[in-house]
Amino acid sequence: MTDILLIAANRPEPGVFTDAVSALRELGATVRLAVGFELGDEDEALARAGVELHQLPPTFHGRSSVVRREAEHVTPGERLWLRSAPDGRLRSLAREARMLVALDADAVYMVWRLARRHRGARALFGVLPAVRAVRCDLDLTPANRFRAALPSPAVLAGDARRAARRLPGNLVRAGTVRRVMRTPAGARMWRSLVALPALPQRTRATLGRHVAEGMHWAGRPSGAALTLLESGHRVADLELRTALYDEAAKAEIGAGLAPRALPDAVAAWLRLADRRLAEGDRIEAATALHNALPLAFHRSVHIDRLTSPLADDVHGFTGPLLASRALDTVAAAARGRATPAAAPPADRPLRLLVVTSTNANFLQLVLEEYANRPDVELRFLDLSQNKELSTISWSHWRILADRLDAYTAYRNRVERAMRPHLDWADTVFLDWCTGPAAMLTTIDPGTARVVLRLHSYEAFTRWPLLVDFSRVDELLFIGDHLRELCTSYVPQLAGGGAPAMRVLHNAVDLTPFARPKSDDARFTLGLIGVSQVVKDPMWALDVLERVRAHDERYRLVIVGNMISPETSRAAHDYRAVLDARLAPLERIGAVERRAQTDDVAHCLTDIGVILSSSVRESRHLAVVEGAASGAVPVVRDWPFFSGQEHGARTAYPPEWVAADPEEAAHRILRTTSDPERWRAEGEECAKHALSTWDWSVVRRDFDEVLTGSTVR
């Protein structure tokens with residue numbers, strides 16, 4: 001009789017499993033099943049199939065912290081083995097089995113480990129191979145079965161070598177358990193060991209990583225990062241030091257902390273890039289930059305946080321970056337145009353190519369306008385809808401390698417994909433200064449005129465440093481504050497070869513927003529669009545608390561999707577604090593949340609004050625729409641730009657802007673003190689919005705930029 005041990009990490013499909021077991025039993029096999037999932041009532045079909053079931057340990061209960069920490073860094077199959085390795089019943093079943101069969105991919109590793117120890121058993125993947133094997137099976141003599149059941153000398157020797165290699169790490173892990181690392185004395189002791197002066201650098205790096213792992217396991221992410229950082233300070237080898245700094249910075253970012261190790265990590269990657277470039281290895285130089293830039297401009301540092309080192313000190317942040325020869329080579333690589341852009345055609349409609357990738361939120365009116373113009377032939381290209389274009393648009397490493405003349409194949413791919421569009425177009429309007437802009441300017445635009453628009457988000461990413469602006473004819477900004485920021489650190493925007501630059505407002509039809517409001521609307525504050533941390537809705541809660549201290553009729557309506565906690569750990573932490581503050585306010589009716597809506601005009605009919613609580617914006621469309629509806633705007637003096645020549649106070653009438661929640665509350669109380677004053681203030685704001693930002697005004701500027709003419 002053939003004993004078969006089936007191992008399933010995941011629950012098998014009952015019907016298929018029952019048929020397979022029946023086939024094995026008809027061949028005279030005894031079938032046992034060891035499962036890595038928890039058995040429940042739904043698994044009665046497995047028992048009815050006539051197999052002996054064995055539940056593998058579903059958790060790490062009883063296992064040491066050393067094993068638990070190791071399990072965090074392995075595959076699901078290896079994790080199942082680490083849970084089950086001490087299971088005596090499993091080992092007994094494996095010794096008795098003639099065949100060890102993995103029913104799914106996550107069980108393969110366990111079958112392989114067991115088969116190396118029990119050579120009398122055949123290792124198989126899948127039930128059908130097991131059925132075929134049973135049909136061909138030949139009995140072994142008892143003596144041969146005994147010898148085959150012993151582990152081979154090679155396995156025993158391999159186990160010994162593996163144990164010797166793991167011994168130092170296991171000793172450190174055993175000494176850095178939670179109860180030790182959670183105490184200040186224990187953490188200091190291990191950090192002092194890492195700092196011993198006589199340690200070889202690779203030993204120091206290994207020890208530092210093990211100690212950092214223990215600190216992370218004990219809930220000390222800052223200590224883990226500091227240990228890695230100090231280990232890097234004492235290591236001479238540049239590559240090893242860079243790796244340690246990088247791990248330190250990412251440990252803090254992963255924990256939602258402002259990374260103190262960020263400057264060291266970025267500087268080390270840049271030094272490595274410069275060294276590789278000096279050695280003539282441009283591929284590795286591009287690889288080092290590929291690590292440096294996403295770290296320097298990590299969204300948890302600039303986007304999902306209420307501060308940004310770029311906004312705090314633009315020259316202090318970008319100066320060390322641009323001091324790198326490798327990055328300066330990339331950022332200053334201006335290849336220029338082969339020929340100037342051609343004048344608009346006089347004998348046919350102008351061919352306008354509008355390009356974006358996924359986000360066309362600010363293009364709808366532009367597309368509608370030029371789709372219906374007899375003097376314009378429109379083509380819209382969403383790069384995300386084409387697999388090849390989507391891939392090459394965000395190929396960060398390839399773009400860097402191209403700028404260093406290390407990878408010409410990328411340029412050829414862009415040529416093949418984009419040349420037909422460029423040859424067709426008279427004007428290319430590319431929205432968002434991100435990866436697609438860097439991709440498009442990799443090749444010569446021919447005679448097409450290239451217009452690029454930069455919003456707020458892109459200014460805090462790496463992409464403006466990778467765009468070849470010598471191939472851009474006009475660069476559009478949503479506000480003067482963004483032009484001021486970008487021209488202060490992007491080399492190609494500061495020199496004489498910079499493209500023409502202008503401020504051009506978003507295209508928005510404001511006429512549908514003029515709808516009647518009830519008198520009660522003056523007590524309702526509105527906050528529209530809170531899906532990012534930079535919207536900082538907690539500032540709006542600070543304002544709400546102040547006005548409710550005077551009159552509890554005031555309430556706040558929040559419209560739109562909330563900040564996703566899945567975006568980053570920093571976003572997760574902000575959302576947790578925000579939800580805790582919102583809960584009691586929602587219970588008493590002081591705050592109402594409303595879902596995302598396409599009919600913002602209708603939503604604004606019961607909102608009397610429109611808030612902008614953001615730390616940065618390009619223009620903040622919700623404020624413009626709210627003002628057009630007659631709601632009184634109260635705009636936070638965007639901290640990212642406050643105190644500079646341009647900011648919220650130049651983007652809007654200064655009286656709309658408040659420096660802090662106290663000033664914002666004072667403006668609300670003053671302007672909503674009685675219905676007549678509130679309505680009069682709202683009417684003035686609506687007039688300003690319609691005369692400044694409505695499509696009837698802004699489309700003249702669009703027409704001048706995109707077609708070279710002016711509409712009447």
Filter pass, Ser531 being farther than 26 Å from Ala689 by Cβ and within 29 Å of the chain's Cα centre (by Cα):
no
Given the residues Tyr489, Tyr457, which is the only one that is open to solvent by 10 Å² or more (accessible area, probe 1.4 Å), out of contact with any strand residue (DSSP E or B) (no Cβ under 6 Å at 6 or more places or on another chain) and touching a residue at least 24 places away in the same chain (Cβ under 8 Å)?
Tyr457
Specify the residue that is farthest from Thr442 (Cα to Cα); the eligible residues are those in the stretch 374-395 that are open to solvent by 30 Å² or more (accessible area, probe 1.4 Å) and either in contact (Cβ under 8 Å) with a residue 40 or more places away in the chain or touching a Lys or Arg at 6+ places or on another chain (Cβ under 6 Å) (or both).
Asp375
For the stretch 189-208, what are the residues that are assigned to a helix (DSSP H, G or I) and surrounded by fewer than 20 Cβ atoms within 10 Å (Cβ to Cβ)?
Met189, Arg191, Ser192, Leu193, Gln201, Arg202, Thr203, Thr206
Which numbered condition in (1) within 25 Å of Arg667 (Cβ to Cβ); (2) in a helix (DSSP H, G or I); (3) in contact with a helix residue (DSSP H, G or I) (Cβ under 6 Å, 6 or more places away or on another chain); (4) not acidic (Asp, Glu) is the only one that Gly529 fails?
(2)
Considering each of Ile563, Ile588, Ile607 in turn, give the residue that is over 24 Å from Glu684 (Cβ atoms), among the β-branched types (Val, Ile, Thr) and more than 31 Å from the chain's Cα centre (by Cα).
Ile588
Condition set touching a residue at least 60 places away in the same chain (Cβ under 8 Å) and crowded, with 19+ Cβ neighbours inside 10 Å, scope the stretch 533-545, selection nearest to Phe640 (Cα to Cα): answer is Val534
Given Ala521, Ala571, Ala601, which one is in contact (Cβ under 8 Å) with a residue 12 or more places away in the chain, outside any strand (DSSP E or B) and under 30 Å from Glu484 (Cα atoms)?
Ala571
Return yes or no: is Arg271 touching an Asp or Glu at 6+ places or on another chain (Cβ under 9 Å) and over 19 Å from Val490 (Cβ atoms)?
no
Taking the stretch 549-577 as the region of interest, how many residues are open to solvent by less than 70 Å² (accessible area, probe 1.4 Å) and out of contact with any strand residue (DSSP E or B) (no Cβ under 8 Å at 6 or more places or on another chain)?
10
Out of (1) open to solvent by 20 Å² or more (accessible area, probe 1.4 Å); (2) at pLDDT 95 or above; (3) of a type outside the set (Ser, Thr, Tyr), what's the single condition that is false for Asp520?
(2)
Scan Ala212, Ala130, Ala123 and give me the residue that is in contact with an Asp or Glu (Cβ under 9 Å, 6 or more places away or on another chain), at pLDDT 80 or above and among the small types (Gly, Ala, Ser).
Ala212
Among the listed residues Leu238, Leu228, which satisfies the condition of being on the phi < 0 side of the Ramachandran plot, out of contact with any Ser or Thr (no Cβ under 7 Å at 6 or more places or on another chain) and surrounded by 22 or more Cβ atoms within 10 Å (Cβ to Cβ)?
Leu228
Within the stretch 72-112, how many residues turn out to be open to solvent by less than 30 Å² (accessible area, probe 1.4 Å), more than 14 Å from Ala9 (Cβ to Cβ) and assigned to a helix (DSSP H, G or I)?
3
I'd like to know if the stretch 397-410 contains one or more residues that are surrounded by fewer than 23 Cβ atoms within 10 Å (Cβ to Cβ), in a loop (DSSP other than H, G, I, E, B) and of a type in the set (Ser, Thr, Tyr).
yes
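The values are calculated or read from the model by the stated rules, or taken from the named source; none is laboratory data. Because the structure is predicted, anything quoted here is derived from the model rather than measured. Note that each Cβ is placed from the backbone with ideal geometry, even for glycine, and that neighbours are counted across all protein chains shown. Remember, those area values only see protein heavy atoms, side chains included, never the ligands or the DNA or RNA. Shrake-Rupley method; radii C 1.70, N 1.55, O 1.52, S 1.80 Å.
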